[in-house]
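Engineer: This is the structure, below, for whatever I ask next.
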Amino acid sequence: MEFSNILIRATNWVGDAVMSLPALRALRDHYPHAKMTILARPWVADLYGREAFCDELIPWPGYQWKIVSELRQRKFDSAILLQNAFGAAATVALAGIARRIGYNRDGRGFLLTDAIAPPRPGEIPPHESYYYLELLRRSGLIDIPLPSEPLVRLNGRSASPEPIVGVSPGAAYGGAKRWLPERFAEAARQIAVKDHDSIMLFGTDAEKQVCADIEKILTEAGMNVTNMAGKTPLGQFIELTGRCRVFLTNDSGSMHIASALGIPTVAIFGATNHITTGPTGPLARVVREPVECSPCLKRECPIDHRCMTRVSADRVATEALELLK
């Protein structure tokens, strides 16, 4: 199967985008001379655009007919859909792209020339990065065996990390994924005082309040704190995260970025499954309390949030300090 002008419809969320990187690097290895264009939502575009496999980046504007017209003019010979939605398949079909490859999900099989059966539970390793690799393997685009470990990496790690403890206390999916703000503050304080580190807080516009609450606690404790919540587009967030020497986070897009940069990363898990969406690499650690109701995959806890409230600040700080050794 030979292609020279490939369109990749990227995933919509930061964590998924990071986990799709091994598949796109494998695609580049198998098509070294093809032009690879990434069609991505603006909030993940910076992540894909910094990668060597990306020859061109098209930000998805959100207007169906406008993008269809633009894609039609570019005369792509193939489209690979990492996103599972019906609309992704409709867009590339309306654009007249001859080969349309994606998983047969969301009722879109009739729009695809290569409607690939999604893997059933147990058919491939559980980490989400394998899901994207398997799409390429099943479609015949790559012929390598799946790696034994998910190797997710991201360009942008600082050559010499600075004495900064990074903290990302938010999680877009819902409150069930969020550890307690005051414990983030205490864990960061314990780590920072060991080597006179500063602390940098990260978050979206929606997470400004929780970051402000943590900033207040740390400032009152005499710590040097910089609050970047709502101030960093994705590209700048990657650059600043790459300067940190350790990173504390929930299960979130920030977690995937920090661990993929090779930063010692401690992630607190509760409602979600650390086996399928956890951080990767030797410098990543998961802290979780194995309660009977976890992982529930709920957005909000219907009972007492015991999976998070039973994780102490001391435990997270100890894990981070062990990593730093």
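The values are calculated or read from the model by the stated rules, or taken from the named source; none is laboratory data. Computed from a predicted structure; not experimentally measured. With ideal geometry, Cβ positions are generated from the backbone for all residues, glycine too; neighbour counts draw on all protein chains shown. To get the accessible areas, we keep the full protein, side chains included, count just its heavy atoms, and leave off ligands, DNA and RNA. Shrake-Rupley method; radii C 1.70, N 1.55, O 1.52, S 1.80 Å.
Engineer: For region 61-82: of the residues being at pLDDT below 95 and not in a helix (DSSP H, G or I), which is farthest from the chain's Cα centre (by Cα)?
Structural biologist: The residue in question is 63.
Engineer: Every residue in region 219-229 that is surrounded by fewer than 22 Cβ atoms within 10 Å (Cβ to Cβ) and either modelled with pLDDT under 95 or outside any loop (DSSP other than H, G, I, E, B) (or both), please. Give the steps one after another, and end with the answer.
Structural biologist: Initially, region 219-229 is screened for residues surrounded by fewer than 22 Cβ atoms within 10 Å (Cβ to Cβ), giving 219-224, 226-228.
Scanning region 219-229 gives 219, 220, 226, 227.
Engineer: Residues of region 290-325 being open to solvent by 50 Å² or more (accessible area, probe 1.4 Å), part of a loop (DSSP other than H, G, I, E, B) and free of Cβ contacts under 8 Å to residues at least 24 places away in the same chain, which ones?
Structural biologist: 290, 292, 293, 302, 303, 304, 310, 325
Engineer: Tell me whether region 249-271 contains one or more residues that are of a type in the set (Asp, Glu) and part of a helix (DSSP H, G or I). Explain how you work it out, then say what you get.
Structural biologist: Of the residues in region 249-271, the ones of a type in the set (Asp, Glu) are 251.
Subset that is part of a helix (DSSP H, G or I): none.
There is no residue in region 249-271 that is of a type in the set (Asp, Glu) and part of a helix (DSSP H, G or I).
Engineer: Give the residue, chosen from 125, 119, that is at pLDDT 95 or above, in a loop (DSSP other than H, G, I, E, B) and over 30 Å from residue 217 (Cβ atoms).
Structural biologist: Working: 125 fails: at pLDDT 95 or above.
None of the other options fit; the residue is 119.
Engineer: Look through 202, 247, 184, 237 and report the one residue that is over 21 Å from residue 285 (Cβ atoms), among the aromatic types (Phe, Trp, Tyr) and modelled with pLDDT of 95 or more.
Structural biologist: Answer to the check: 237.
Engineer: Looking at region 242-287, which of its residues are touching a His at 6+ places or on another chain (Cβ under 6 Å) and of a type in the set (Lys, Arg)?
Structural biologist: Those that are touching a His at 6+ places or on another chain (Cβ under 6 Å) and of a type in the set (Lys, Arg): none in region 242-287.
Engineer: Let me ask something else. Only one residue in 148, 168, 160 is open to solvent by less than 30 Å² (accessible area, probe 1.4 Å) and among the polar types (S, T, N, Q), so which one is that?
Structural biologist: On the way: 148 fails: open to solvent by less than 30 Å² (accessible area, probe 1.4 Å); 160 fails: open to solvent by less than 30 Å² (accessible area, probe 1.4 Å).
Testing whether each residue is open to solvent by less than 30 Å² (accessible area, probe 1.4 Å) and among the polar types (S, T, N, Q) leaves just 168.
Engineer: If you don't mind, there's one more thing I want to ask. When you check residue 51 against the structure, is it outside any helix (DSSP H, G or I), charged (D, E, K, R) and in contact with a helix residue (DSSP H, G or I) (Cβ under 8 Å, 6 or more places away or on another chain), yes or no?
Structural biologist: Details: outside any helix (DSSP H, G or I): yes; charged (D, E, K, R): yes; in contact with a helix residue (DSSP H, G or I) (Cβ under 8 Å, 6 or more places away or on another chain): yes.
Here the answer is yes, as residue 51 does meet what is asked.
Engineer: Enumerate the pairs (first residue in region 259-288 and at positive phi; second residue anywhere and surrounded by fewer than 24 Cβ atoms within 10 Å (Cβ to Cβ) and of a type outside the set (A, V, I, L, M)) with beta-carbon separation below 6 Å, excluding pairs fewer than 6 apart on the same chain, so at least 6 apart or on different chains.
Structural biologist: 262/157
Engineer: Quick check on region 121-136. Is at least one of its residues open to solvent by 30 Å² or more (accessible area, probe 1.4 Å), touching a residue at least 12 places away in the same chain (Cβ under 8 Å) and small (Gly, Ala, Ser)?
Structural biologist: No: region 121-136 contains no residue that is open to solvent by 30 Å² or more (accessible area, probe 1.4 Å), touching a residue at least 12 places away in the same chain (Cβ under 8 Å) and small (Gly, Ala, Ser).
Engineer: May I ask you to list the residues in region 245-289 that are touching a helix residue (DSSP H, G or I) at 6+ places or on another chain (Cβ under 8 Å), open to solvent by 20 Å² or more (accessible area, probe 1.4 Å) and among the aliphatic types (A, V, I, L, M)?
Structural biologist: Correct list: 283, 286.
Engineer: For residue 232, indicate whether it is assigned to a loop (DSSP other than H, G, I, E, B) and surrounded by 18 or more Cβ atoms within 10 Å (Cβ to Cβ). Break it down stepwise before answering.
Structural biologist: Working: assigned to a loop (DSSP other than H, G, I, E, B): yes; surrounded by 18 or more Cβ atoms within 10 Å (Cβ to Cβ): no.
No; evaluated as a whole, the condition is false for this residue.
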